[in-house]
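Structure record follows, encoded as structure tokens.
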Amino acid sequence: MPSSYNLPRLSREIILDTPYEKLSLQVAQAVAEEIRQKPNCNLGLPTGRTPIRCYELLSQWSQNKSLDWSQVKCFALDDYIDASEEISFSTYLQTHLYQAAGVCPDSQFNPRFADDYDGLIASHGGLDLTIIGIGRNGHIAFNEPGTQEASWTHCVWLAQSTIKDNFSQESALAIPKVAVTMGIQTIMNSKRLILIANGESKQAILHQALTGPISMEVPASILQKHPNLTVLADFPWK
Ligand code: GLP
């Protein structure tokens, strides 16, 4: 297991006030560039509302054959454990990206189906580029406030605020309470990270995460220590 963060050339960029369409295009271009430069790259991929347009663009480019995913390995950041298949993140990624991009089943990885997800990632050479969102409580993937900094892939009880943000209480489907997520170390070991934040509900927490003290009460604040981080948000600082 790697014990220290990768140390590529120091590169940190925070790009604010970028309209959602442009932000999505920039993230999709970064993914496409990674695939063109390293056709067998390993990607860490999020779910949620924020990356949907980015995935649409990547799907379009793949369908018109300008992007080849045949050697790319895709690692989902997280997934629910006690949820029906239709709301699982496997289904989400299948629907929003894998089918259109033609990612073969052997190249789709999900922590729900791996005994040792970190070992699996390491055996493929580690994550090259990981896209992450941020929860309103500062979570990254499902690393909720209070997660250990020294965490690898693990199971979690979801925070009440996360359940509230992700599900309407009127949902006909059972609402999950448990998830499995890449740990803080798993994410920090990715050679490059791109954090995307969309919508004013993320404004205060993103500001706190990037300018406040590094504390596991705001798990995203750990990203201040990553040497190759790009942040894209569609709002300015308040
Ligand atoms: C979810 C996911 C995260 C995601 C975040 C933001 O709970 N576990 O990986 O980045 O919350 O989601 P959204 O983009 O819908 O705001």
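Annotation: amide H-H contacts under 5 Å for Glu217 (H modelled 1.01 Å from N, sequence separation of 5 or more, or interchain): Gly146.
Checked against a 30 Å cut-off, the cross-linked pairs Lys22/Lys164; Lys164/Lys238; Lys177/Lys202; Lys65/Lys225 give Cα-Cα distances beyond that limit for Lys65/Lys225. Stretched out straight at 0.36 nm per residue, the stretch from Lys225 to Glu56 would grow longer than its current Cα-Cα span by 57.8 nm.
What is the mean projected area of the alpha carbon convex hull for the chain, to one decimal in square nanometres? Please report the intermediate quantities before stating the final value.
Working: hull surface 48.1 nm².
Average of the hull's projected areas for the chain equals 12.0 nm².
Given a cut-off of 24 Å, what percent of all Cα-Cα pairs of region 72-199 lie beyond it? Of the Cα pairs, 26 percent sit more than 24 Å apart.
Hey, what number do you get for the chain at 222 nm if only DSSP H runs of n ≥ 4 count, each worth -39500 (n - 2.57), divided across all residues, to the nearest 500? Show your work: numbers first, answer last.
Details: 7 runs with 63 residues, N = 238.
That calculation yields -7500 deg cm²/dmol at 222 nm.
Dividing the C-alpha radius of gyration of region 17-71 by 2.2 N^0.38 Å, with N its residue count, gives 1.11. Along the charge dipole of the chain, which of Gly126, Asn166, Ile15 sits closest to the positive end, that is, farthest toward it, with unit charges on the beta carbon of Lys, Arg, Asp and Glu (+1, +1, -1, -1)? So the residue we want is Ile15. At the listed q of 0.16, 0.22, 0.23 Å⁻¹, the Debye profile of region 144-238, built from one uniform point per Cα, gives log10 I(q)/I(0) equal to -0.79, -1.27, -1.32.
Result for the chain in a Gaussian network model with C-alpha springs under 10 Å: among His226, His207, His96, the largest mean-square fluctuation is at His207. For the pair Ala114 and Ala174, what calculated FRET efficiency results from E = 1/(1 + (r/R0)^6), where r is the Cβ-Cβ distance and R0 = 22 Å, to the nearest 0.05? The value I calculate is 0.40.
Here region 152-236 exposes an accessible surface that is 56 percent carbon and sulfur, computed with a 1.4 Å probe and the other protein chains kept in place.
About the centre of its Cα atoms, the chain shows a dipole size close to 620 debye [charges on the beta carbon of Lys, Arg (+1) and Asp, Glu (-1) only; nearest 20 debye]. Once the Cβ-Cβ distance of Lys238 and Gln29 is raised to the sixth power relative to R0 = 35 Å, the FRET efficiency obtained is 0.80. Using the 1.4 Å probe convention, the accessible area of the chain works out to 46 Å² per residue with neighbouring protein chains retained. Evaluating 6.51 cos²θ - 1.76 cosθ + 1.60 at θ = phi - 60° for every residue in region 109-115, the Karplus couplings come out as 10, 9, x, 5, 10, 10, 6 Hz, glycine and proline recorded as x.
Directionally averaged projected area (region 5-140, Cα convex hull): 9.2 nm².
The values are calculated or read from the model by the stated rules, or taken from the named source; none is laboratory data. Keep in mind that what you see is a predicted model, and the values were worked out from it rather than measured. In this analysis, Cβ positions are derived from the backbone assuming ideal geometry, glycine residues included, and neighbour counts consider all displayed protein chains. When the accessible area is computed, the model is the full protein with side chains, heavy atoms only, and any ligands, DNA or RNA have been set aside. Shrake-Rupley method; radii C 1.70, N 1.55, O 1.52, S 1.80 Å.
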